[in-house]
Amino acid sequence: MTNNRLSETATERAGPTLVRWYRARRRVFPWRTERPDPYAVLVSEVMLQQTQAATVIPRYIKWMERFPTITELADADLEEALRYWQGLGYYSRARRLHETARMVRDHYHGRLPDDLKTLQQLPGIGIYTAGAVSSIAFEREAPALDVNATRVISRYGALAPPIHTADLHAIWTGWSQNTSARDYCEALIELGATVCTATQPRCAECPIRRWCRGAATGSPEVYTPRPETPRTVDRIYVCLVAQVPYGVAVRRRDPDGIWGDLWTFPETLVESAEEPEKAARRLARSLGAVMLTDLDYLSSLRYRVTRYRITLHAYQLQWTSAPKCEKDVESYVIRSWRDVMELPMPSPHARLRSLVSPPPASVYIEG
Ligand code: SF4
């Protein structure tokens, strides 16, 4: 990084200064403890991927109450783990965490390995998560460059795009000298989350401002890495909450697709120029059951799944009998409402479930 070389003072003093600032100002989180448990660090790091800390906190607490050790997670059903993940989205993270727990139970005597390479061989643990677990839980010097840490370093070194990993690592390594690996890792992420933020860096409050080349230019935002964001695609779906006297139609989704292994009500994509209600009738016909009541509009929800911006129009109806599922919808089954209330569902379908009143418990018949 010839053109980006920083002075020795800048590299050597910035790290300890940053750690002192962190120790004095750090925010309190349930996963930040004096002696972090490696499994707890892993859970928090996986939950915090693409999810705000405020959303994670209550789910993390509930998760750790139910699965306090990696072995207890490994011994639990995947379905239960997915249910405890509800509200965090990106459910493949929960599936891989569960898979990792089983590998650790079966091959590592229930203890997470402490070296970077072995950690990266476990499902769902990429280079960042492995670095964070190594640094925070095992006090190993390992770069953990999430989006926050990367932004701080890029601005600090005024690294112009395209940013090379070697340049980021050079600054990271310079700062890490003579500091606690755990606090250094947390400090860098904390600075990016609270001071050197994506849209408005607050340089006046920054502990390392005096050495920051980005701030010296007066426009540190210029050095913000901008990952390519995929084009947003709009999609309209319809969904049926279709009840028979003893239950409701649901399906478990393909493990490799979106919302893998979660349960949803029947749904279909609305074709271009098709009215949502017409699509709902097409879906009801394809399910093949005899309708006892006409479609009744229930609600419309809007949400995002990866790059898709989705509008979901939901209808409810009663059937006289279980649907004779056709080939493309054969995975739908009738489950009792009691079961359905316990199934792990993605947030939009869980919301629909909460809008529909199931029959009173006295008429439940296990289907
Ligand atoms: S001085 Fe400003 S740009 Fe530089 S690291 Fe601090 S907040 Fe970021």
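Distance from the Cα centroid of region 250-321 to that of region 116-183 is 43 Å (rounded to whole angstrom).
Counting every pair of alpha carbons in region 179-308, the share spaced more than 26 Å apart comes to 53 percent.
Compute the signed sum of charges (Lys and Arg +1, Asp and Glu -1) over the other residues within less than 10 Å, Cβ to Cβ, of R155.
Its environment carries a net charge of +1.
So how strong a dipole does region 167-240 carry about its Cα centre when Lys and Arg Cβ are +1 and Asp and Glu Cβ are -1, to the nearest 20 debye? Intermediate values should be presented prior to the final figure.
Numbers: 8 positive and 8 negative charges, 29 e Å.
Result for region 167-240 is approximately 140 debye, rounded to the nearest 20.
The relative contact order of region 203-342, computed from alpha carbon pairs under 8 Å that lie at least 6 residues apart in sequence, is 30 percent.
Any idea what angle helix 181-194 forms with the longest principal axis of the chain, computed on alpha-carbon atoms, 0 to 90 degrees, nearest 10? Helix 181-194 and the main axis of the chain meet at about 70 degrees.
Rounded to 0.05, the FRET efficiency of the A160 and Q52 pair, given R0 = 30 Å and the Cβ-Cβ distance, is 0.50.
E12 to E79: FRET efficiency via 1/(1 + (r/R0)^6), r the Cβ-Cβ distance, R0 35 Å, to the nearest 0.05? Present the calculation step by step, with values, prior to reporting the outcome.
Values: r = 52 Å, r/R0 = 1.48.
Calculated value: 0.10.
Taking a sphere under 12 Å around the Cβ of D114 and counting the other residues whose Cβ falls inside, with K and R at +1 and D and E at -1, yields a net charge of +1.
Once Rh is set to the Kirkwood radius over Cα pairs, what Stokes-Einstein translational diffusion coefficient, in µm²/s, holds for the chain at a temperature of 20 °C and a viscosity of 1.002 mPa s?
On the way: Rh = 23.4 Å.
Estimated diffusion coefficient is 92 µm²/s.
Using the crude model of +1 on Lys and Arg Cβ and -1 on Asp and Glu Cβ, and no other charge, please compute the dipole size for region 44-108 relative to its Cα centre, in debye to 20.
Details: 9 positive and 9 negative charges, 45 e Å.
Roughly 220 debye for region 44-108.
What size of dipole, in debye to the nearest 20, comes out for the chain about its Cα centre when the only charges are +1 on Lys and Arg C-beta atoms and -1 on Asp and Glu C-beta atoms?
Details: 48 positive and 42 negative charges, 209 e Å.
About 1000 debye.
Simple rule: put +1 on each Lys or Arg Cβ and -1 on each Asp or Glu Cβ in the chain, find the dipole, and look at V46, V19, P346; the Cα lying farthest toward the positive end is V19. Around Y22, with a cut-off of 13 angstrom between Cβ atoms, what is the net charge of the other residues, counting Lys and Arg +1 and Asp and Glu -1? Here the count lands on +4.
Restricting the trypsin sites (Lys or Arg not before Pro) of region 102-203 to loop positions (DSSP other than H, G, I, E, B) with no more than 14 neighbouring Cβ atoms within 10 Å leaves R111, R202.
Using the number of other C-beta atoms within 10 angstrom as an exposure proxy, rank W31, W172 with the fewest first. Please list the in-between numbers first.
Working: W31 21, W172 25.
In increasing order of surrounding Cβ atoms, one gets W31, W172.
Ordering N148, Y60, S272 by Cα displacement along the dipole of the chain toward the positive end leaves N148 in first place; charges were set at the Cβ atoms of Lys, Arg (+1) and Asp, Glu (-1).
Taking every C-alpha pair closer than 8 Å and separated by at least 6 residues, the mean separation divided by the residue count of the chain gives a relative contact order of 16 percent. Considering only P201, P227, Y237, and ranking their Cα positions along the charge dipole of region 168-260 that arises from unit charges at the beta-carbon of Lys, Arg, Asp and Glu, the one farthest toward the positive end is Y237.
Bear in mind that the values in this text are calculations on the coordinates, not laboratory data. On a predicted model such as this, the values are computed, not experimentally measured, just so you know. Backbone-built Cβ (ideal geometry, glycine too); neighbour counts: all protein chains shown.
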